[in-house]
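Take a look at the structure below.
The values are calculated or read from the model by the stated rules, or taken from the named source; none is laboratory data. This structure is a prediction, so every number in the text was calculated from the model and none was measured. In this analysis, Cβ positions are derived from the backbone assuming ideal geometry, glycine residues included, and neighbour counts consider all displayed protein chains. Calculation scope for accessible area: heavy atoms of the full protein, side chains included, ligands and nucleic acids excluded. Shrake-Rupley method; radii C 1.70, N 1.55, O 1.52, S 1.80 Å.
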Amino acid sequence: MRKSFGLLLASTLVLTSCGTVRDSRLNPFNWFGRAERVDVAVTEKEINPLIPQKRESIFERKEAEYAGTPVSVVNELHIERVSDGALIRVKATASAQGAFDVVLQPANEDELPVDGVLTYNILALQPGRAQGTVRSREINVARFRTNQELAGVRTIRVVATENALQSRRR
């Protein structure tokens, strides 16, 4: 009787302490907050003359340039924790129906955070004049980042033509 009562008391204490873990930083679901709207500022990319530009080689393959254009509106931004990093999921609305080959292109050079902010532009290959309902123009895209790549990141921002959404760590 004494052993079972002690075991019951110990298990009760362990289970009641789970409520404090729910709101703490130990819970991976609390690592990033909800997405919030931010204003889009247009800036020009500066070129540093002290850094040499990449030289061309006859043996090097040329990478095909991505011809995507910015998507109109970012509707949702979710950061989901996975076993060894985070999955950035974005739902957006394109300006034309039939958009495909959607990418989250890093706005920061080499995907390094600037002041703790990791910024992505959402781009897609979009047909010229095809319109459609808002539901038919919705697109989804996701990008995986490892824990090492997210080490200095406090905010993840996704920028479209008309708006931007960002999610901050708590």
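Listed values, structure above:
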item	result
Asp101 accessible area, 1.4 Å probe, all protein chains in place, Å² to nearest 10	80 Å²
Accessible area expressed per residue, the range 56-149, with surrounding protein chains retained (probe 1.4 Å, Å²)	64 Å²
Share, in percent, of DSSP beta bridges within the chain that are antiparallel, nearest 5	90 percent
Max mean-square fluctuation residue, GNM over the chain, Cα-Cα springs under 10 Å, options Asn108, Asn140, Asn48	Asn48
Debye intensity ratio in log₁₀ form over the Cα atoms of the chain, taken at each q of 0.11 Å⁻¹	-0.61
Probe 1.4 Å, all protein chains present, accessible-area order of Thr161, Thr12, largest first	Thr161, Thr12
Accessible surface of the range 68-140, 1.4 Å probe, proportion on carbon and sulfur as whole %	49 percent
The chain: calculated mean residue ellipticity at 222 nm from DSSP helix runs of at least 4, using -39500 (n - 2.57)	-3500 deg cm²/dmol
Normalised contact order of the range 92-170, rounded percent, pairs of Cα under 8 Å and 6 or more residues apart	36 percent
Nearest-20 debye value, the chain charge dipole, Cβ charges on Lys, Arg, Asp, Glu	980 debye
Ranking by accessible area, most exposed first, for Arg37, Arg154 with a 1.4 Å probe	Arg37, Arg154
C-alpha long axis of helix 2-16 to longest principal axis of the chain, angle in °	30 degrees
